[in-house]
Amino acid sequence: MSTLTAQVERIQEQLQRLRLIRVAEELPSLLQDASKKDLAYSDFLEEVLSREIAAKHERLTTMKTAMARFPFHKTLDSFDFKFQPSIDPKVIKDLATCRFIADTDNVLLLGPPGVGKTHLAVGLGLKACALGYRTAFTTASGLIATLTRAHTEGRLEERLKLLVQPKLLVIDEIGYLPLDRLAANLFFQLVSRRYEKGAILITSNQSLTVWGEVFGDRVIATAILDRLLHHSTIVNIKGESYRLKEKRKAGLLTRSEPFTDPVVRDPDPRNAPTLEPVAEADR
């Protein structure tokens, strides 16, 4: 073994002890490249540190993405905005900066099934992870089940504290199933806890005007919307279903058949929530 090789191995061992993993792995090639380019010491050190910082950021992003528990991995770059002309790409691009998270604002993605709401939610969640924000993804049904179980077991306070911690909480599929009064109250408590403390991103197939029916109580729905909409961006998607688009391409759906499922509306307008000021006792 040459003296140089032995020295490189000693340096690699020291880098491992300092947990500079990427530099330790790439040291031989870094040294060879520096020799070919005749890099100055400062340039070589900058390259080494840049590689390690990039590697640490990559590992942190991977960890935060895994912790978020997204149902799939779809980026905003893969979203077909041409198929959904009702969406302003500039609005999504602005949301992708994640300033809304820093400002603890909320985002509501509304539209019929299959128009890409969850894709956009996951894409924005991935951007948040890449920028170092702790993120959590859950379906509305999964969230309610978790809160209900915690309530039954006397651990609701503990669970609410955990759900307040992520800087971004993504709640998918609000409105697909109606909620009973207990579930609506538990959801209200969560929204109230996160109000102006952490951002919430919600997808829903229901218009906000029928959330009184979704939550089974117009007053609770109004209180929830009062907090969600105070600092928020609402994206209404009125396009066609991606899933049915693929079926149509495969010849499994004819043009005479409906492309999207209609949004169910409450026949009784008295159940529609209003945005009238909520009593101070309700805040």
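Data table
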| item | result |
| --- | --- |
| Hits in segment 221-238 - residues which are within 17 Å of Tyr195 (Cα to Cα) and of a type in the set (A, V, I, L, M, F, W, C) | Ala221, Ala223, Ile224, Leu225, Leu228, Leu229, Ile234 |
| Residue count, segment 182-209 (criterion: farther than 24 Å from Ile92 by Cβ, open to solvent by less than 10 Å² (accessible area, probe 1.4 Å) and not small (Gly, Ala, Ser)) | 3 |
| Options Ala55, Ala40, Ala34: the member that is exposed (fewer than 14 other Cβ atoms within 10 Å of the Cβ), without any contact (Cβ under 8 Å) to a residue 60 or more places away in the chain and of a type in the set (Gly, Ala, Ser) | Ala40 |
| Leu244 vs. criteria open to solvent by 20 Å² or more (accessible area, probe 1.4 Å) and at pLDDT 60 or above | yes |
| Verdict on Met67 being open to solvent by 30 Å² or more (accessible area, probe 1.4 Å), in contact (Cβ under 8 Å) with a residue 40 or more places away in the chain and assigned to a helix (DSSP H, G or I) | yes |
| Only listed residue being surrounded by 14 or more Cβ atoms within 10 Å (Cβ to Cβ) and under 15 Å from the mean Cα position of the chain (by Cα), chosen from Leu179, Leu109 | Leu109 |
| Close pairs (7 angstrom Cβ cut-off, 6 or more residues apart or separate chains): under 15 Å from Gln32 (Cα atoms) in segment 5-19, small (Gly, Ala, Ser) anywhere | Gln12/Ala24 |
| So Thr138, is it β-branched (Val, Ile, Thr), in a helix (DSSP H, G or I) and at negative phi | no |
| Tally of residues being in contact with a Lys or Arg (Cβ under 7 Å, 6 or more places away or on another chain) and within 26 Å of His57 (Cα to Cα) across segment 93-127 | 7 |
| Restricting segment 1-31 to residues that are outside any helix (DSSP H, G or I) and more than 18 Å from Ile53 (Cβ to Cβ), the residue that is least open to solvent (accessible area, probe 1.4 Å) | Ser2 |
| Subset of segment 138-165 [of a type in the set (S, T, N, Q) and within 20 Å of Ser192 (Cβ to Cβ)] | Thr138, Thr146, Thr148, Gln165 |
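The values are calculated or read from the model by the stated rules, or taken from the named source; none is laboratory data. Remember, it's a predicted structure, so these values are computed and weren't measured experimentally. Neighbour counts are summed over all protein chains in view; Cβ atoms, including those assigned to glycine, are modelled from backbone coordinates with ideal geometry. The protein model used for the area step is the full one, side chains on, heavy atoms only, and it has no ligands, DNA or RNA in it. Shrake-Rupley method; radii C 1.70, N 1.55, O 1.52, S 1.80 Å.
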